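*Asks:* So that we are looking at the same thing, I have put the structure below in structure tokens.
Just so it is clear, none of the values below were taken in a lab; they were calculated from the coordinates. Since the model is a prediction, treat every value here as computed from it, not as a measurement. Here Cβ is always computed from backbone atoms with ideal geometry, including for glycine, and neighbour counts include all displayed protein chains.
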């Protein structure tokens, strides 16, 4: 690629791989196949540059963001994309928002890796577990929970649900009262707890309602530890703005 030195290409490759992208896609882009010399070949669009050949436009845009985050000149990266007809929308984020996004990259469903060992009943159908995993990780991603926090909440739901669902009405009510009291103590008082709960409700509103309601029904969203984790995440995410 004529626009970048060998050192820059090596740095780009490290950034690409560190972001979780396949090395093969980058290597293919850096070493494209020889062009067909046939004079009959027609090109209606600009020939792809070495930056984006062999990868999709979305992957190219993600690569561009990774390269910019690594310190490469944004203008040069955008110019390389523009050569392929790929335009990156203007970044309207504030410096504070960009720094926050650098420290806390967007979480996708694949960011959450709960362990199901010992947490699901023996004989659970694979498709049932797969459906739960999809719903749970999409729910966590919709709220942009940090991967470790979202994973903890998902695992905790599998531990709480069976116990809560087998309790009688008195047991459920008593347990919820205990959890509320524990959350108030952890928050430093009733007023503080109510303010934090308002943040949690605002955060939960961003997630799919069906899975959220299921977590209320099985006791998960009444658990003091879970609510405290969500309150901390709500407070963290407010720092972006």
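*Asks:* Please say if segment 123-241 is rounded, prolate or oblate, where rounded means a/c under 1.5 for a ≥ b ≥ c the square roots of the C-alpha gyration tensor eigenvalues, and otherwise the choice is prolate for a/b larger than b/c and oblate otherwise?
*Replies:* oblate
*Asks:* When a footprinting reagent is the concern and you count Cβ atoms within 10 Å, what order do 17, 149 take, fewest first?
*Replies:* Listed from fewest to most nearby Cβ atoms, that is 17, 149.
*Asks:* Separate question: What is the order of 112, 117, 216, fewest Cβ neighbours within 10 Å to most?
*Replies:* 117, 216, 112
*Asks:* If I stretch the segment between residue 113 and residue 79 completely, what's the gain in nm (0.36 nm per residue apart, minus their alpha carbon distance), one decimal?
*Replies:* So the extension gain works out to 8.5 nm.
*Asks:* Using Cβ contacts closer than 10 Å as the measure, can you line up 139, 175 from fewest to most?
*Replies:* Fewest to most other Cβ atoms nearby, the residues stand as 175, 139.
*Asks:* Determine the gain in length on full extension of the stretch residue 194-residue 17; use 0.36 nm per residue of separation and subtract their C-alpha separation, reporting nm with one decimal.
*Replies:* Between residue 194 and residue 17, full extension yields an extra 59.4 nm.
*Asks:* What number, in percent, do you get for the relative contact order of segment 115-238 if the mean sequence gap of Cα pairs under 8 Å and at least 6 apart is divided by its residue count?
*Replies:* Relative contact order comes out at 36 percent.
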